[in-house]
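Undergrad: Here you go, one structure.
Only the coordinates and a few stated rules stand behind these numbers; no lab work does. Fair warning: this is a prediction, and the values are worked out from it, not measured in the lab. Glycine gets a Cβ as well: all are built from the backbone with ideal geometry, and neighbour counts include every protein chain shown.
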Amino acid sequence: MKVAPASVVATWPAPNFVDPPTRGNSVLIVTIVFATLAFLVTCLRLYTRFKITCSPGIDDLLIVVALAFTIAMCIILCLLTEQYGGNRHIWDVPLEWFSTVSKLNLLFQTLFSLSSSITKIALLWFCKRLLGAGSKGLYNTYNMALNGAIVMVALLCLSFLFVCTFQCSPIHAYWDYKPTYPHHCLNEGAYIFASSVINIVTDFLSTVVPMPLIWNLNLPARQRIAVMSIFGLGIVVNIAGIARTVYAYKSLIGSDDTTWWGWLGLLSSSVEINLGLICASAPALRPLITHFLPWLLQSTHQYPSEYGQSHPRKLWSSTHPAGHSTRRSKERPYHHPDSQLERLEVYRTVEMESWTESRNPNDPDGNAQSMPSNDARVITPSYDFHLKSSGAVYTSPGSEKSCTPLTRQNSSPFNDKNSL
């Protein structure tokens, strides 16, 4: 812990250990609120992956690990500010607390680095899932960029952890107050400020790198803009990181009142880490929104029925990030001969692509296709089709201009035993 020179200490006012002026308990309140939001969003993400899409991946494991480190870091923050004078002037902190404050500060730095880095790696890994397996061309370039970013974030995290742990020799010289034995310590203010600047750069890269990928996804412009807006929340994380860097400089380099100015750094750190978790999990919630609020992200079309009513029917469609997509089929409504067919929507959503199919709920064999649970994307159908008055006309996906009939049949292409 930084110790002020004796000449500076002589200018400080008399210490007040009984009723000192403080910054208040804003760190405690903000930390509880943001940590609760981060926990809820992460739980919704896991529910989406395990219950709706059935496609958990490595990024989900990483985000859970990051959440665990974040919760531990939040506990340390609250202890520092509420129990050990982190919201007081340095001269109002009892000397017997200095050793504990230094230990908690070292633990805070370690947990912050782990949580921040793992969150960014989880976000970048999520973007890799958008690419899918076997991407070529421009998307192969995206994949290489994402892999490079993941490696860079991981190496920077390991480097900081090494420097943070061994900044003093021996290690316990960091938390011993004015050690009398031979020791050597790095300039804490210099390396904390440098690591904060590097963290801002990696935060910015984690926000910007996915943008071209998302924009080139084969999604409606409204959905692409919505997803990019969620990623754009990372700019708020960058702002919090800049604020934390400013106050780290102020508390460790520009002032000897480390606790008073460091309190603002602790506050911005809490916002930065928890908001980063929220931003990393929010894009993965699209299937959840599609499941419970389909009108918000998907469009429906009205088709007249033989009963004189209009029912919303979704067009069977699929999107693929590599730019290959099946054209939407023109669906003609059909009805059960005895009673009106109840429409069953089968959701198959993996990351950014989703589609629905109208099925007969009385025919369990009609929905025979399974949902993969690995990291690979759902393979789009190998044929296009147009439903016409007398059957299905299959066309090759290789040429959008080709409409040469290959097969004409009166049964459904879904093998659901219902005539079209």
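Undergrad: Take the Cα coordinates of segment 1-145, assign each an equal point scatterer, and use the Debye formula without solvent to give log10 I(q)/I(0) at q = 0.08, 0.10, 0.16, 0.18 Å⁻¹.
TA: -0.38, -0.54, -0.93, -1.06
Undergrad: Here's another thing I want to ask about it. Which net charge results when you count Lys and Arg as +1 and Asp and Glu as -1 among the other residues whose beta-carbon is under 10 Å from that of Ala280?
TA: +1
Undergrad: While we're here: Please state the equivalent ellipsoid semi-axes for segment 98-182: what are the square roots of 5 times the Cα gyration tensor eigenvalues, largest first, in whole Å?
TA: Gyration-tensor ellipsoid for segment 98-182: 40, 12, 5 Å.
Undergrad: Sticking with this one: Going by how many other Cβ atoms sit within 10 Å of their own, how do Asp203, Asp256 line up, fewest first?
TA: Fewest to most other Cβ atoms nearby, the residues stand as Asp256, Asp203.
Undergrad: Within segment 95-120, list the residues whose amide N lies under 20 Å from a label point set 7 Å along Cα→Cβ of Lys178.
TA: Label zone hits: 95-103.
Undergrad: Let me ask you something else. Using the alpha carbons of segment 6-291, what is the convex hull volume per residue in cubic angstrom, as a whole number?
TA: Enclosed volume per residue, from the Cα hull, is 129 Å³.
Undergrad: Fewest first, what order do Ser113, Ser26 take by the number of other Cβ atoms within 10 Å?
TA: With the sparsest Cβ surroundings first, the list reads Ser26, Ser113.
Undergrad: By counting other Cβ atoms within 10 Å of each Cβ, how are Thr258, Thr42, Thr110, Thr141 ranked from fewest to most?
TA: The most exposed by this proxy come first: Thr141, Thr110, Thr42, Thr258.
Undergrad: Cα-Cα over 23 Å: which of Lys51/Lys120; Lys2/Lys120; Lys2/Lys250?
TA: Over 23 Å apart, Cα to Cα: Lys51/Lys120; Lys2/Lys120.
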